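Here the structure is laid out as structure tokens; the discussion comes afterwards.
The values are calculated or read from the model by the stated rules, or taken from the named source; none is laboratory data. Note that the coordinates shown come from a computational prediction; the quantities given were computed from them, not determined experimentally. Cβ coordinates were reconstructed from backbone atoms using ideal geometry, including for glycine residues, and neighbour counts include every protein chain displayed. Ligands, DNA and RNA are stripped out before the accessible areas are found, and what is left, the full protein with its side chains, is counted by its heavy atoms. Shrake-Rupley method; radii C 1.70, N 1.55, O 1.52, S 1.80 Å.
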Amino acid sequence: MVSVNENFIKLPGSYLFSEVAARVNAFKTSRPEVQLIRLGIGDVTRPLPQASIEAMHKAVDELANAATFHGYGPEQGYGFLREAIVKHDFEPLGVRLSPEEVFVSDGAKSDTGNFTDILGQGNTVAVTDPVYPVYVDSNVMAGRAGNLLPDGCWSDIAYLPCTAENGFIPQLPQRRADIIYLCYPNNPTGTTLTREQLKAWVDYALEQGSLILFDAAYEAFIRESDVPHSIYEIEGARRCAVEFRSFSKTAGFTGVRCGYTVVPEEVTAIDSCGKRIALNRLWNRRQCTKFNGASYITQRGAEAVYSPEGRRQVRETVDYYMGNASIMRNALRRAGFDVYGGKNSPYLWVKTPDGTGSWEFFDRLLHEAGVVCTPGAGFGPSGEGYLRLTSFGKREDCLEAMERIAKWAER
Ligand code: PLP
């Protein structure tokens, strides 16, 4: 009889978003007259940049003609996009990459989830807490996480708390960690690391022979100059870090699907004989076997993001969301809340007042203000006592939600 990969059975259901949906649905049934405002969503609401739309229309027309038709593309992505990425995302930072170090994909979720396919099962894993759940769940699937403990943590994963008490700066792991996930600007806390703070992690990884999986999906939202956009701005990172990027939140590609992963030639891991193996080669091999490339249309749309018009349009969109973030941050502070993030990130991380639990506060905002947020506890134990709000909504919804929360807080 065929058997299953038991690691998948160990995974609990996606409690966070299904529980949010269940509570929202129950509320809608009991109070259908209330117009709910959803500030919990991680999806964007602004349309694609016009430059991408035009490029994608043109690409469709090319596919309609035998002379310009494109079938299977390179698994690593088309040269035109890999070159545009190197030129526009990294050269201005003083980071030199070759296009062969860039692997275009259908988004950062798949890449962050799949990357450890090429890493040994015995590696130890460290994540910051609270955490984007994909990092943890993909290691559970791979058998690296151990067992689920009553506090919701996995026995073999090191959780590095990030809370207001430590300024959301994770401490270097006490136990050696082989694979370290860092996400900056962070989802869910919206906080960042300075160059100096990130350098401590690169130095640690170089010293310990660890690999940093650096998720920079929200890089375009950075406003402050001492916040690095790429881990490769830090000396030595080419030897110890892989970086993930996404077109989702900047260019509205959440539905179109495109992202990329940078695997520098120098990043290596050892085999059982202690021989160094280049991860670039292994990732290339993995992708060529299991992935057939993002569509030609999508990659032309992504390339257009780097045209002068595309860049202007993306900037407008990012400014719009960051305008929302600023409105929300100011309004929540005026209403008496402690608010973090929202300066270099579309996420705001709000402390629940008087030690109220995340879920209790979620229920109160839902029932008493008609606003939906995401309870911080759903992102890990250190998220307890916080809520996540996103600035991806419509401006009028953000304004209305802030008015409702301010009135509610006055009571
Ligand atoms: N990484 C982080 C930290 C995210 O928050 C998200 C999406 O919410 C992703 C990756 C996924 O991005 P993509 O849409 O490119 O798969």
Suppose the filter is within 16 Å of the ligand (Cβ to nearest atom), of a type in the set (A, V, I, L, M) and more than 22 Å from E303 (Cα to Cα); does L39 pass it? yes
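Quick one: is S98 small (G, A, S), within 16 Å of the ligand (Cβ to nearest atom) and under 30 Å from S138 (Cα atoms)?
no
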Pairs returned, first residue in the range 215-231 that is within 18 Å of V134 (Cβ to Cβ), second residue that is among the acidic types (D, E) and open to solvent by 10 Å² or more (accessible area, probe 1.4 Å), beta-carbon separation under 9 angstrom, 6 or more apart or interchain, are E219/D89
Going through the range 230-265 in order, the residues found to be over 13 Å from D111 (Cα atoms), of a type outside the set (G, A, S) and more than 15 Å from the ligand (Cβ to nearest atom) are Y232, E233, I234, E235, R238, R239, C240, P264, E265
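In the range 281-304, what count of residues is obtained for those that are open to solvent by 20 Å² or more (accessible area, probe 1.4 Å) and either in contact with a helix residue (DSSP H, G or I) (Cβ under 7 Å, 6 or more places away or on another chain) or modelled with pLDDT under 95 (or both)?
Result for the range 281-304: 5.
Per-residue answers, yes or no, for (1) outside any loop (DSSP other than H, G, I, E, B); (2) open to solvent by 50 Å² or more (accessible area, probe 1.4 Å):
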{"site": "H57", "(1), (2)": "yes, yes"}
{"site": "D61", "(1), (2)": "yes, yes"}
{"site": "G113", "(1), (2)": "yes, no"}
{"site": "T116", "(1), (2)": "yes, no"}
{"site": "G120", "(1), (2)": "no, no"}
Here the residues within the range 203-214 that are within 14 Å of the ligand (Cβ to nearest atom) and open to solvent by 10 Å² or more (accessible area, probe 1.4 Å) are none
If we ask which residues in the range 122-156 are more than 16 Å from the ligand (Cβ to nearest atom), aliphatic (A, V, I, L, M) and outside any strand (DSSP E or B), their number turns out to be 5
When every residue in the range 3-40 that is assigned to a loop (DSSP other than H, G, I, E, B) and touching a Gly at 6+ places or on another chain (Cβ under 7 Å) is compared, the one surrounded by the most Cβ atoms within 10 Å (Cβ to Cβ) is L39
Considering residues that are of a type outside the set (G, A, S) and free of Cβ contacts under 8 Å to residues at least 60 places away in the same chain, the number found within the range 248-269 is 3
Some residue of the range 17-26 being aromatic (F, W, Y), assigned by TED's automatic domain parsing to the domain that holds S391 and closer than 30 Å to T189 by Cβ: yes
Subset of the range 358-389, residues aromatic (F, W, Y) and surrounded by fewer than 24 Cβ atoms within 10 Å (Cβ to Cβ), comes to W359, F361
Of the candidates D89, D43, the one satisfying the condition of being acidic (D, E), at pLDDT 95 or above and either open to solvent by 30 Å² or more (accessible area, probe 1.4 Å) or part of a helix (DSSP H, G or I) (or both) is D89
Of (1) within 14 Å of the ligand (Cβ to nearest atom); (2) open to solvent by 30 Å² or more (accessible area, probe 1.4 Å); (3) on the phi > 0 side of the Ramachandran plot, G107 fails just (2)
